[in-house]
1. How far, in degrees from 0 to 90, does helix 80-101 lean away from the longest principal axis of the Cα atoms of the chain, to the nearest 10?
2. Among all the lysines, which ones have a C-alpha under 19 Å from residue 158's C-alpha, if same-chain residues fewer than 8 places away are not counted?
3. Classify the stretch 259-299 as rounded, prolate or oblate from the Cα gyration tensor: take a ≥ b ≥ c as the square roots of its eigenvalues, call it rounded if a/c is under 1.5, otherwise prolate when a/b beats b/c and oblate if not.
4. Which of 242/266; 336/359; 243/364; 183/336 have a Cα-Cα distance over 20 Å?
5. Based on other C-beta atoms within 10 Å, arrange 67, 137, 166 from fewest to most.
6. Along the stretch 365-375, what does the Karplus equation 6.51 cos²θ - 1.76 cosθ + 1.60 (θ = phi - 60°) give for ³J(HN,Hα), rounded to whole Hz, x for Gly and Pro?
7. At 0.36 nm per residue, and after removing the present C-alpha to C-alpha distance, how many nm does the segment from residue 52 to residue 89 gain when stretched out fully?
8. What net charge do the residues around residue 96 carry, taking every other residue with its C-beta under 14 Å from that of residue 96, with Lys and Arg at +1 and Asp and Glu at -1?
Amino acid sequence: MVFGALLVACRDQPAQTVPSATPDPAVAPSSAGSEIHSSANAPMEASAPKPFTPERVEKSGAAMGTHIAFAAYTTPAVSADQVRDAFSAAIDEIKRIEALMTTWRQDSEVSKINAAAGKSATVVGNETYDVIRESVHTSEISEGTFDITFHTLHGLWKFDEDLDPHPPQEKDIKARLPFLGWKNIKLNPDKKSVMLAKKETQIGLGGIAKGYAVDRAVAILDKAGITSFFVQAGGDLFARGKKPDGTDWQAGIRDPRGSEEKWFAKIGLSDHAFSTAGDYERSYVVGGNRYHHIIDPRTGYPATASRSVTIWAPTAFLADAIDDAVFILGPEKGMKIVESLEGVGAVIVDAKNNVWVSKRLKDKVVITAVPGEGI
């Protein structure tokens, strides 16, 4: 996604440079100039202070296997150097969350839960426990379509650095399906412990942890006193306040069959999150079928009801939690979940290339083109 002009949303997109946009800072009106006396003996009055001009500050980096981007405007109370320091602290915070919740490190809390599967409960910190608890809740309200035990299929489907355009054999998928299911996750709120009931069951927080990390980064920037900014981690982002000229930050929704720079809709963002799940990232086409990383835990195969789902929500955590579920359920059932959640909206491109816009976004989303055709 490209902020400032438009930011095109996609989930888990590869690292890329976020293009700069020309800011339109709001400039405070000039004070009237002081009169300069001609008399040599008359004291000169101090010249009027220059009006404050907000400066746009940007930073990018990498964490959680995706591209991280920030942009913010300075204020009279927060300098460009202070903004940069806050960005650095926010990236450190994202990396801290990653260390807790990744499956790529054996010493993470999630990896320890997986290592103890079927044997014992693992006590974890409040953050990991809360993210897993909310994951289970999302499973409950989504007919189990969002399910962090999808990680039980890890190694069969290869869409990451190990991309392999060869679908796994059906017998191998069926062999693991009995071990999937959020009900295999046993939570103890008193001990803050997590146990996986079956030794073959594994969990992964890749579908929700980035949203939580974005919200934590937002909290860092809020604490620093920055009032106009955005934070993006792959397809998960949050925009705070408005730009200095009084307009919202603008986000574009990518055409799921177009290039990274092509969008079919746009929306203004202020104090809201935005998350897109699409079948165009981490995917391949074989035999006239598209295979992608959003797996339906009920079948073990990539979901087929949607091409992309964009969620607008009060927090990045909530947006990230439900975009996959809505994608898997499809527009009719998915929109029922969206409408049931306060402050949440959605734009869905279904499998037949129809565009669905939820009630809360009818007056916020501008459709600029028809999404492209293709597999």
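Computed from the coordinates by the stated procedures, all read-outs in this text should not be read as laboratory data. Predicted, not measured: the structure shown is a model, and the values here were computed from it. Note that we place each Cβ from the backbone using ideal geometry, even for glycine, and neighbour counts take in every protein chain shown.
1. Taking Cα atoms only, the helix is inclined about 10 degrees.
2. 171, 174
3. Verdict is oblate for the stretch 259-299.
4. 183/336
5. Exposure proxy ranking, most exposed first: 166, 137, 67.
6. 8, 10, 7, 9, 6, 8, x, x, 8, x, 6
7. So the extension gain works out to 10.7 nm.
8. Here the charged neighbours net out to -3.
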